[in-house]
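The structure appears below as structure tokens.
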Amino acid sequence: MKIIFTSILMLLLSIGSMAQVNFKLEIAGVEKNGGKVYVSVFNSEQSYNNRAVFKSFTLDPNATSINTLLKLPEGEYLFSIYQDSNNNGILDTNLVGIPKEKFGFTNYDGKRVPGNFKRHKILINKNKSEVVVNLYKI
């Protein structure tokens, strides 16, 4: 009986921890009609380091700011975004790896080299209803 109770309790706790959160993603600094905007979402340091995208999608820019609604389980996430100005499906970089196209990350101000998952992660939960990511061109 004790084993059954413990199993049910663990199941309920795991279901509760997977609560889905609705929130708004705003992408600012977009060039209107300047090429598709590619969004990659990473849900852990390991997924970011291995480039194992948790979720990805593209958006068509029809304004200098794009808003989209997302639903994700509560947790820590990093959003990596770029605007593909030449429509070749990749983020073009120069010889030393500096992007030639607009790009952005969560918690990135465009003033220094982008960092790791810990620097750019954000917490998504029922208290966090909006995320803003600015795109920068270096």
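Results, tabulated for the structure shown:
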read-out	value
Meets criteria (over 20 Å from E26 (Cβ atoms) and touching a strand residue (DSSP E or B) at 6+ places or on another chain (Cβ under 6 Å)) for P99	yes
Candidate set from the range 89-116 (those that are under 16 Å from S40 (Cα atoms) and β-branched (V, I, T)); member that is surrounded by the most Cβ atoms within 10 Å (Cβ to Cβ)	T106
Selection within the range 114-133 - modelled with pLDDT of 95 or more and more than 12 Å from the chain's Cα centre (by Cα)	N116, K118, R119
Subset of the range 123-138 [surrounded by fewer than 17 Cβ atoms within 10 Å (Cβ to Cβ) and closer than 24 Å to E74 by Cα]	L123, N125, K126, N127, K128, S129, E130, V132
Boolean, K111 is at pLDDT 95 or above, under 25 Å from K32 (Cα atoms) and more than 14 Å from the chain's Cα centre (by Cα)	no
Enumeration of residues in the range 60-88 that are surrounded by 15 or more Cβ atoms within 10 Å (Cβ to Cβ), of a type in the set (A, V, I, L, M, F, W, C) and under 16 Å from E130 (Cβ atoms)	I66, L70, L72, F79, I81
Some residue of the range 72-83 being farther than 16 Å from K24 by Cα and in contact with an Asp or Glu (Cβ under 7 Å, 6 or more places away or on another chain)	yes
Checklist (1) within 12 Å of the chain's Cα centre (by Cα); (2) assigned to a strand (DSSP E or B); (3) surrounded by 13 or more Cβ atoms within 10 Å (Cβ to Cβ) applied to K24, failing item	(3)
Test for F23: is it at pLDDT 95 or above and of a type in the set (F, W, Y)	no
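The values are calculated or read from the model by the stated rules, or taken from the named source; none is laboratory data. Owing to the predicted nature of the structure, the values given are computational and were not obtained by experimental measurement. Don't worry about glycine lacking a Cβ; one is built from the backbone with ideal geometry, like all the others, and counts go over all protein chains shown.
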